[in-house]
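Novice: Dropping a structure here in structure tokens format, bear with me for questions.
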Amino acid sequence: MPTGTWGCENVSNGKKGDKQPKKMVLGDDPIESFEADWFDFKTPAVNLAKQLYEISKSSGVCCGIIGSWGSGKSSFMKLMDEYLRKDQSQNVCVTWFTAWDPGGIEDLGDAMLYRLFLSIAEKNKDLSGPFKELQEALGVRRSIRARARQALGVISNAVPEPVRTIPNVADSLLDELDSPRKVKESFDKLMDWLDKNNQTIFFFIDDLDRANGEQIRDLLSELKLYISHRRMVAVLGYDEDYVLDALKTPILPEGIDPKKYLEKIVTIRRTLPMPKYEEMVYYARNFLKSTLDLDERITDRLAMSAIDLSFGNPRRAKNLILAFVSSLSSIEKYKNESVDALRSYLVTNAAIEMGLLSDYNVREAFQSGDEGALISALGTFAEKNPSKSKEASAVISEVEEIAPGFPSDTMNSLRLSFDRRSFYGPAKLERAIGFDWSTSLFPILSNAARRGFKLPSESVRSYREIVVPPITKTKSVKQTQFSNEIIKRYVQDAYVLSWDQSDMIVLISSLCSERRPYSLRSLLEFFFSRCAKFVAKKGLILWVIDDQNRLAEENCKLMIKQAQKISTGLKHPFTFQYTPPSKIQALLTFLLNLQLRKNNQRKQKS
């Protein structure tokens, strides 16, 4: 099996003498152009795309881009995509599938086939007929599966434990029940169309390592059928350790080695290396320069600390710097702080990101600013939690370097970014997927509201466009007219943006009380039933940021329509809008970018 790793050639890092500096991509999105390629992935990405294209002329091929979480797999594939679209656009169709977003189709294999066909049929009318046939065939297949498994579930509960392997045996029977003939016929028509039009498909499959074992197995099983045809190129990005572990028994039958199973499908492997330390520091330095107005010597030191605390991982470094930048927004005169004080803020943000402040003793030590107590507490924490020893050691090293300059008021200065996250336990930290920046929404939201903004459709769903005017005030709900015993019963904290025409209440699902199973729903029912009272003087916008996936999307869509219907008989509009888990990162990136643009404007004026 062909394998390989790539060194990072120092083609251009935007250093002195370069004609075009690199673009900085903010947020957690992968880079999508050569101009934003900080780690010189362009050459190996282009070479691999060329190699796979040549192989596809005679046979289908599946290539794995292998790397740990945050190492740049998505960015690498995006660079391959850019080359293919620019230089091979006449005979290459490029399409993407994200394993954690199957588009509402439960079976990942079906979802992948549907997405592949849809992306090509949308641009080629002569495939509309086969695509419609595929839709019907997949619908029948899912219906048969659902009914059969439901029946088997009833049988399973009625028989003794040893006989309950029937669902596993039934899977082979379901393959026959599925009657895949029409699905295969539709796919064959797509392959015929490729040959007739001299087209090659590059199918990029991202985030395979976010799916569970059963989903990964289904996807790979379906993928085997695709790559048996020439002109089909599949490129998968994944963490190999995760995928192999996910495929262990009982996902694959006993006796089947997950590694050998994967190798039969992924015939070409490319291991993505971590960028060199010097490249990462240069990247972090430029990131900090583009967002903060600090002395170059201080920026250099912060960059090195950020990379050390991120273990050289590009995504962790980016998220840490974003959290650090947003937390400084709560410190009025951060430019007057010493380098040790700024490093202490960075270290504290890193500790929150790592989940270390979920430990009471560590949290108290950070609060005290006593370096000795902090090092001792982190050491004890690492002994009790071996899986976190690497993170604790990195923080200890930074604290030892800063000592004796670690300020005792660090936690007080960062309290807006600290209170809510640090008291969550590790399990809850993992569930709070909307807050990977390790910071409260409040300082980011306050800065964005002062500037004014229009919420993009990529980050919120609503029946009307919402524009927050400049100089809008942001308060805790406890400081407003909405504070009463009913709300306090359900909400630990919420925010209110207030301007002349409307009030906007911002509810974050992770900050709603869990003492009652339907607390969030009950709170929403409370607002809907009393909305006439709330909109007597001006409009009301109820915005739920569902970072813990407590609300069903269909129910939220109904609430949007219900709010629109209610508003027709009211003096001022009542609006319900929500941000689902899949859109939270885009929302936070949008809000923080507003602040970063504001900082850049200040620099230009000065």
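The values are calculated or read from the model by the stated rules, or taken from the named source; none is laboratory data. As the structure is a computational prediction, the values presented were derived from the model and not from experiment. Ideal geometry is used to build each Cβ from the backbone, glycine not excepted, and the neighbour counts take in all protein chains shown.
Novice: Within the bounds of the stretch 559-578, is there any residue that is modelled with pLDDT of 85 or more, within 21 Å of the chain's Cα centre (by Cα) and not assigned by TED's automatic domain parsing to the domain that holds LEU328?
Specialist: Looking for residues that are modelled with pLDDT of 85 or more, within 21 Å of the chain's Cα centre (by Cα) and not assigned by TED's automatic domain parsing to the domain that holds LEU328, one finds at least one in the stretch 559-578, hence yes.
Novice: Would you confirm whether or not the stretch 314-326 contains a residue that is in contact (Cβ under 8 Å) with a residue 24 or more places away in the chain and surrounded by fewer than 20 Cβ atoms within 10 Å (Cβ to Cβ)?
Specialist: Quick first cut of the stretch 314-326, residues in contact (Cβ under 8 Å) with a residue 24 or more places away in the chain only: 314-326.
Of the ones still in play, those that are also surrounded by fewer than 20 Cβ atoms within 10 Å (Cβ to Cβ) are 315.
Taking every residue of the stretch 314-326 in turn, at least one turns out to be in contact (Cβ under 8 Å) with a residue 24 or more places away in the chain and surrounded by fewer than 20 Cβ atoms within 10 Å (Cβ to Cβ).
Novice: Can I ask one more? If a residue has to be out of contact with any Ser or Thr (no Cβ under 9 Å at 6 or more places or on another chain) and either under 13 Å from ARG464 (Cβ atoms) or among the polar types (S, T, N, Q) (or both) to count, how many in the stretch 555-564 make the cut?
Specialist: The first filter runs over the stretch 555-564 and keeps only residues out of contact with any Ser or Thr (no Cβ under 9 Å at 6 or more places or on another chain), leaving 555-559, 561-562.
If we keep only those that are either under 13 Å from ARG464 (Cβ atoms) or among the polar types (S, T, N, Q) (or both) too, we end up with 555, 561-562.
Qualifying residue count, the stretch 555-564: 3.
Novice: Could you please let me know if SER344 is part of a helix (DSSP H, G or I), buried (at least 23 other Cβ atoms within 10 Å of the Cβ) and under 32 Å from the mean Cα position of the chain (by Cα)? Before you say what the answer is, go through the steps one by one.
Specialist: Numbers: part of a helix (DSSP H, G or I): yes; buried (at least 23 other Cβ atoms within 10 Å of the Cβ): yes; under 32 Å from the mean Cα position of the chain (by Cα): yes.
For SER344, the condition - part of a helix (DSSP H, G or I), buried (at least 23 other Cβ atoms within 10 Å of the Cβ) and under 32 Å from the mean Cα position of the chain (by Cα) - is met.
Novice: I would also like to ask the following. Would you tally the residues in the stretch 357-381 being crowded, with 20+ Cβ neighbours inside 10 Å and either free of Cβ contacts under 8 Å to residues at least 40 places away in the same chain or more than 18 Å from PHE324 (Cα to Cα) (or both)? Quick ask: steps written out before the conclusion?
Specialist: The first filter runs over the stretch 357-381 and keeps only residues crowded, with 20+ Cβ neighbours inside 10 Å, leaving 357-359, 362, 365-366, 374, 377-378, 381.
If we keep only those that are either free of Cβ contacts under 8 Å to residues at least 40 places away in the same chain or more than 18 Å from PHE324 (Cα to Cα) (or both) as well, we get 358-359, 362, 365, 374, 377-378, 381.
Total satisfying the criteria: 8.
Novice: Something else about it: Going by what's in this entry, would PHE97 be described as surrounded by 22 or more Cβ atoms within 10 Å (Cβ to Cβ), at pLDDT below 90 and touching an Asp or Glu at 6+ places or on another chain (Cβ under 8 Å)? Step through it out loud before you land on a result.
Specialist: On the way: surrounded by 22 or more Cβ atoms within 10 Å (Cβ to Cβ): yes; at pLDDT below 90: yes; touching an Asp or Glu at 6+ places or on another chain (Cβ under 8 Å): yes.
Spelling it out, PHE97 is indeed surrounded by 22 or more Cβ atoms within 10 Å (Cβ to Cβ), at pLDDT below 90 and touching an Asp or Glu at 6+ places or on another chain (Cβ under 8 Å).
Novice: Counting just the residues of the stretch 244-302 that are without any contact (Cβ under 8 Å) to a residue 40 or more places away in the chain and polar (S, T, N, Q), which one comes out surrounded by the fewest Cβ atoms within 10 Å (Cβ to Cβ)?
Specialist: THR249
Novice: State all residues of the stretch 518-548 that are polar (S, T, N, Q) and without any contact (Cβ under 8 Å) to a residue 60 or more places away in the chain; if no residue qualifies, say none. Give the derivation first.
Specialist: Taking the stretch 518-548 and keeping what is polar (S, T, N, Q), we get 519, 522, 529, 548.
The answer is SER519, SER522, SER529.
Novice: Then there's this: Looking only at the stretch 537-579, how many residues end up being surrounded by fewer than 19 Cβ atoms within 10 Å (Cβ to Cβ) and assigned to a loop (DSSP other than H, G, I, E, B)?
Specialist: Looking only at that region, the number is 11.
Novice: Pick out the one residue from GLU263, GLU240 that is in the same structural domain as SER71 (by TED's automatic domain parsing), on the phi < 0 side of the Ramachandran plot and more than 22 Å from the chain's Cα centre (by Cα).
Specialist: Among GLU263, GLU240, only GLU263 is in the same structural domain as SER71 (by TED's automatic domain parsing), on the phi < 0 side of the Ramachandran plot and more than 22 Å from the chain's Cα centre (by Cα).
Novice: Those residues that are farther than 27 Å from GLY72 by Cβ, of a type in the set (Lys, Arg) and within 24 Å of the chain's Cα centre (by Cα), I need them from the stretch 214-237; list them, please.
Specialist: none
Novice: Would you be able to say whether some residue in the stretch 290-313 is closer than 18 Å to GLY355 by Cα, touching a Ser or Thr at 6+ places or on another chain (Cβ under 6 Å) and assigned to a helix (DSSP H, G or I)?
Specialist: There is no residue in the stretch 290-313 that is closer than 18 Å to GLY355 by Cα, touching a Ser or Thr at 6+ places or on another chain (Cβ under 6 Å) and assigned to a helix (DSSP H, G or I).
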